[in-house]
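A.B. asks: One structure is given below, represented as structure tokens, and several questions about it will come after.
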């Protein structure tokens, strides 16, 4: 690992405009559905629009009702690729099922509103790659592989406030690569 000049490892990464836009939309939807008052919407919008870090953005969304899709989502394919990247909302439990094919989950710019996210893999053959946020803590204790173990190096320094990503399930033939985002 290269040393960084200026101690940049001490400051949490800034959120993207996509993350901010997603949070604003969620707050407005909660108001439109009658879950929060106009005053509370104004306060939460101010928090979201002035947030600089992921943890500040999560505070703006705290105690809002879950989305209609619930806290569990399943992504499934018999063959081909499964790919999620960019600013997408990560559910509390994400099930990924594929018999044949590649899986690429990029959580680096995703909106992660839960302190703990469970990614449950059910993969037959094929490679899988998961990119997690810089400040994430990754746990692969519940993952069983039939061929090769996952490629993952624990970060030497982790910053407080990042989400915990727990990866579990089974993989047949293939390899899982997990890496932290660089930015």
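A.B. asks: I'd like to check something: does the stretch 139-148 contain any residue that is out of contact with any strand residue (DSSP E or B) (no Cβ under 7 Å at 6 or more places or on another chain) and not assigned by TED's automatic domain parsing to the domain that holds residue 53?
C.D. replies: Yes - at least one qualifying residue is present in the stretch 139-148.
A.B. asks: Out of the residues in the stretch 138-152 that are modelled with pLDDT under 90 and farther than 12 Å from residue 177 by Cα, which is surrounded by the fewest Cβ atoms within 10 Å (Cβ to Cβ)?
C.D. replies: 141
A.B. asks: Against the condition at pLDDT 80 or above, in a loop (DSSP other than H, G, I, E, B) and touching a strand residue (DSSP E or B) at 6+ places or on another chain (Cβ under 8 Å), how does residue 169 come out, does it pass? If you could, list the steps in order and put the result at the bottom.
C.D. replies: Values: at pLDDT 80 or above: yes; in a loop (DSSP other than H, G, I, E, B): no; touching a strand residue (DSSP E or B) at 6+ places or on another chain (Cβ under 8 Å): yes.
In short, no.
A.B. asks: Give the residue that is surrounded by the fewest Cβ atoms within 10 Å (Cβ to Cβ), with candidates limited to residues of the stretch 79-100 that are more than 15 Å from residue 119 (Cβ to Cβ) and within 11 Å of the chain's Cα centre (by Cα).
C.D. replies: Here the residue is 86.
A.B. asks: Would you check which residues across the stretch 69-78 are loosely packed, with under 12 Cβ neighbours inside 10 Å and assigned to a loop (DSSP other than H, G, I, E, B) and list them?
C.D. replies: Once the filter is applied, which keeps residues that are loosely packed, with under 12 Cβ neighbours inside 10 Å and assigned to a loop (DSSP other than H, G, I, E, B), the stretch 69-78 yields 69, 70, 78.
The values are calculated or read from the model by the stated rules, or taken from the named source; none is laboratory data. What you see is a predicted model; the values in this text were computed from it and never measured. Methodologically, a virtual Cβ is constructed for each residue, glycine included, from the backbone with ideal geometry; neighbour enumeration extends over all protein chains shown.
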